Amino acid sequence: MTTARSQLIIVEATPYYHCVSRCVRRSYLCGYDELTQTSYEHRRDWVEKRLKQIANIFCIDVCAYAIMSNHYHLVLHINTEKAHRLSEHEVIQRWSTLHRAPVLIQRFLKGETSTEAEKNACLAIIQTWRERLCSISWFMRLLNQYIAHEANREDGCTGHFWEGRFKSQALLDEKALAAAMAYVDLNPVRAGISKTPETSDFTSVKARIESLRKDEASAPSLYPFAGNPRNDMPDGLPFRLLDYLELVDWTGR
């Protein structure tokens, strides 16, 4: 029997999770299918763009990602503090980017709710949306549903595109987090698709290296590195970027 997601993802234990989604049977997410002589490489761009779009809306940070031929890996950070800091109007704005707001919420934004019952109903809806904005299940649902719809439309078929619900693994300490991120970033090297991390397309490590070369503070849409953990540490991964890149390089070799 499968385990309830609420028992697999417990923010009180850790905010970091390694998630994997795999295509059903011989379906191709990306890559080149030798059997049908069909290229699906453009779908990598679908996944990456949708991933970054959702990450910019949700209070879930992308620590690492790798988009492979029939599956993809993510390391995610649930940012509950960020979700709690959002105002009611900010929650509505974020959720409405991907969903149409009901008429009652539209009236709330215009200040047209007159009764206490209407206001309480709006606040209940907003609280539900606030919780969803830091839910990995909703994050993965909106990512996978979009990709499945686009792929089925392109293939001219219907039915399941993913083999089942996504798999998630809790990362309980910094060592597990660093190891999982390195594992994800080195997937193309391990599979023989790329020779080095810096040439591994559609991975977070390549995005971070390119941003480093441009002298940017952090790669867009990725959770930044904050350095060694301490009480006044800014929001970010609890180690330095250069240390992590050295770990990836050493592990890859």
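Only one of these is among the β-branched types (V, I, T) and farther than 28 Å from V248 by Cα: T196, T158. Name it.
Of T196, T158, the one residue that is among the β-branched types (V, I, T) and farther than 28 Å from V248 by Cα is T158.
With a cut-off of at least 2 residues that are within 22 Å of the chain's Cα centre (by Cα), touching a residue at least 12 places away in the same chain (Cβ under 8 Å) and over 30 Å from G192 (Cβ atoms), name the helices (runs of 4 or more DSSP H) lying wholly within region 42-148. Write out each step before concluding.
Details: elements: 42-57, 80-85, 88-96, 103-109, 116-132.
Per the criteria, 42-57, 80-85, 88-96, 116-132.
If the condition is being open to solvent by 70 Å² or more (accessible area, probe 1.4 Å), at pLDDT 80 or above and under 13 Å from E163 (Cβ atoms), then region 1-40 contributes only R22. L98 meets all of the listed conditions (1) over 18 Å from K52 (Cβ atoms); (2) open to solvent by less than 60 Å² (accessible area, probe 1.4 Å); (3) hydrophobic (A, V, I, L, M, F, W, C) but one, namely (1). Scan region 140-148 and give yes if some residue there is open to solvent by 60 Å² or more (accessible area, probe 1.4 Å) and closer than 27 Å to T36 by Cβ, otherwise no. Yes, there is a match, as at least one residue in region 140-148 is open to solvent by 60 Å² or more (accessible area, probe 1.4 Å) and closer than 27 Å to T36 by Cβ.
The values are calculated or read from the model by the stated rules, or taken from the named source; none is laboratory data. All figures in this text were calculated on a predicted structure; none of them were measured in a lab. Note that each Cβ is placed from the backbone with ideal geometry, even for glycine, and that neighbours are counted across all protein chains shown. Each accessible area value is taken on the protein alone, full model and side chains, heavy atoms only, with ligands, DNA and RNA left out. Shrake-Rupley method; radii C 1.70, N 1.55, O 1.52, S 1.80 Å.
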